[in-house]
C-alpha cells in the first residue's frame, strides 16, 4: 500500500522568504501527484498536478518537482505572503486506480 | 469557480439521525466520485469509491451499511450517514475528475458533521 509522508509537519516563516515543502512516497509506480491547499475548515484547492512522465510544473510563485525514482516531490513557494498561510497536502495516485493517497500535510504560517 | 459542489457545508444534529450529503460535478460528467473523511489535524482518508450505476467500493474498515452511497447520475453522488452517533462527527469531503484520470481531482468544500 502506498504511504505518503510530508515534512515538516509545520513551518513558520517571515513574509518574503522562499520555502520548500517535501513529500515522499513509498511506491514509485504512480500515475500522477497533486499538490493541494486546504484552509481551516474548508475543502481542498488544487495547486499543481504532475504526471508521472513530468519532472516539474509551475504556476505563478509555485513550482512543484517530481523525482519518481526516489519517491519524492517538492513544492517550492517563492516570495511567501501571509495569504499563503494554509495546510499543504500532497496526494499520490497509483497506477491502475483512480484513488489518491494523501500525506499528513504541512501547516504553513507566513508572518507579516 | 467551483467545479464540484458539496452540500450541506455544515450539519448539527441529534444522535440517531440520518444525514445525507450531496456531491455534484458542475460542468463535467463523473463516472467515479470519491468520499473522504478527515479528523481534526489529520489527513484525508478514503472511505469509498462511488461508481455511477453500480455499487460503491468501500475501503477496509468502513461499514457500508453505516455509510450508504448512491451514484444515480453522472453528476451526483450522495453519502448518507445512517443513525449517526457522536463518533461519526467529522469532516467529509468528496472529489471527482473528468474522464481519463489525467485531469486533476477537484474537491468539494466539505461537510462538517457534528452529532450531539
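Nothing in this text is a laboratory measurement; each read-out follows from the coordinates by a stated rule. What you are looking at is a predicted structure, and each value in this text was computed from that prediction instead of being measured. Because the Cβ atoms are built from the backbone with ideal geometry, glycine has one as well, and the counts that use them run over all protein chains shown.
Sort A:7, A:77, B:93 by Cβ crowding within 10 Å, fewest neighbours at the top.
If I rank by nearby Cβ atoms, fewest first, I get A:7, A:77, B:93.
Can I get the semi-axes of the range B:55-116's equivalent ellipsoid? Compute them from the C-alpha gyration tensor as square roots of 5 times the eigenvalues, in angstrom, largest first.
For the range B:55-116, the semi-axes come out at 24, 14, 11 Å.
To the nearest 0.05, what FRET efficiency results for residue B:18 and residue A:63 with a Förster distance of 41 Å applied to their C-beta separation?
With a Förster radius of 41 Å, E is 0.35.
Most mobile of B:54, B:89, B:25 per a Gaussian network model of chain B (Cα springs, under 10 Å)?
B:54
Ranked by Cβ crowding within 10 angstrom, fewest neighbours first, how are A:84, B:65 ordered?
The most exposed by this proxy come first: B:65, A:84.
List the residues of the range A:1-16 whose backbone N lies under 12 Å from a point placed 7 Å from the Cα of residue A:26 along the Cα-to-Cβ direction.
From the range A:1-16, the list is A:1-5.
Per 0.36 nm of contour for each residue apart, how much would the distance between residue B:74 and residue B:29 grow if the chain were fully extended, relative to their Cα-Cα spacing?
This chain segment gains 15.7 nm when fully extended.
Quick one: Cα centre-to-centre distance for the range A:65-112 and the range B:45-70, in angstrom?
A separation of 27 Å, based on Cα centres.
Convex hull over the alpha-carbon atoms of the range B:40-89: what's its volume per residue in Å³? Before the final figure, lay out each step's value.
On the way: hull volume 4.8 nm³, N = 50.
Here the figure is 95 Å³ per residue.
Pick from B:38, B:60, B:105 the residue whose mean-square fluctuation is largest in a GNM of chain B, springs joining Cα atoms under 10 Å.
In the Gaussian network model the winner is B:60.
Using Cβ counts within 10 Å as a stand-in for footprinting exposure, how do B:79, A:108, A:19 rank, fewest first?
So the residues, fewest neighbours to most, are A:19, A:108, B:79.
Gaussian network model of chain B, Cα springs within a sub-10 Å range: biggest mean-square fluctuation belongs to which of B:75, B:49, B:57?
Maximum fluctuation in the GNM of chain B, among the listed residues, is at B:57.
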